[in-house]
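Okay, so here's the structure we're looking at.
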Amino acid sequence: MTQIMLRKFKIKIDGQEYLVEMEEVGGTPASQLQSAPQPAAQPVPQPVPQATAAQPAPQPAKPQSAGEGQAVTAPMPGTIIKLMVQPGEQVAKNQPVMVLEAMKMENEIVAPKAGVITQLQVDKNEKVDSGALLFKLQ
């Protein structure tokens, strides 16, 4: 018979301490385990401000204006380091249009749908703020 070991750990997340019990199984099939149900650890608080700040940006990035095409905005502040298309070029859905460098990471800005680039609002090496218009797509 396999011996079941319970280990207790104190975990600190964002200043909040949690007591977690872990069971070391050691390869025993789950059907052979005999343990009393343990209360689940308290849920870890989600970093809501960061997660919600990153998610809503793409929705305003795609407003439709009658006759002007779809406007695509910067999801975060950064610097445009590469332009991959010119106005008038046909693009496919999810095709990279430009590269935005933010916090030393390169982020490809892609076309949200297939169409024609009607307007580029930025130049290479231009700094942009979050929500700044990058290009329009028809």
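Computed from the coordinates by the stated procedures, all read-outs in this text should not be read as laboratory data. Small disclaimer: the values here were computed from a predicted structure and weren't measured. Here the Cβ is made from the backbone with ideal geometry for all residues, glycine too, and neighbour counts use every protein chain on show.
In segment 72-97, which residues are crowded, with 16+ Cβ neighbours inside 10 Å, under 12 Å from ASP123 (Cα atoms) and not hydrophobic (A, V, I, L, M, F, W, C)? None; the set is empty. Sub-6 Å Cβ pairs linking a first residue in segment 97-125 that is within 16 Å of PRO75 (Cα to Cα) to a second residue that is hydroxyl-bearing (Ser, Thr, Tyr), at least 6 apart or interchain, are GLU101/THR79, ordered by first then second residue.
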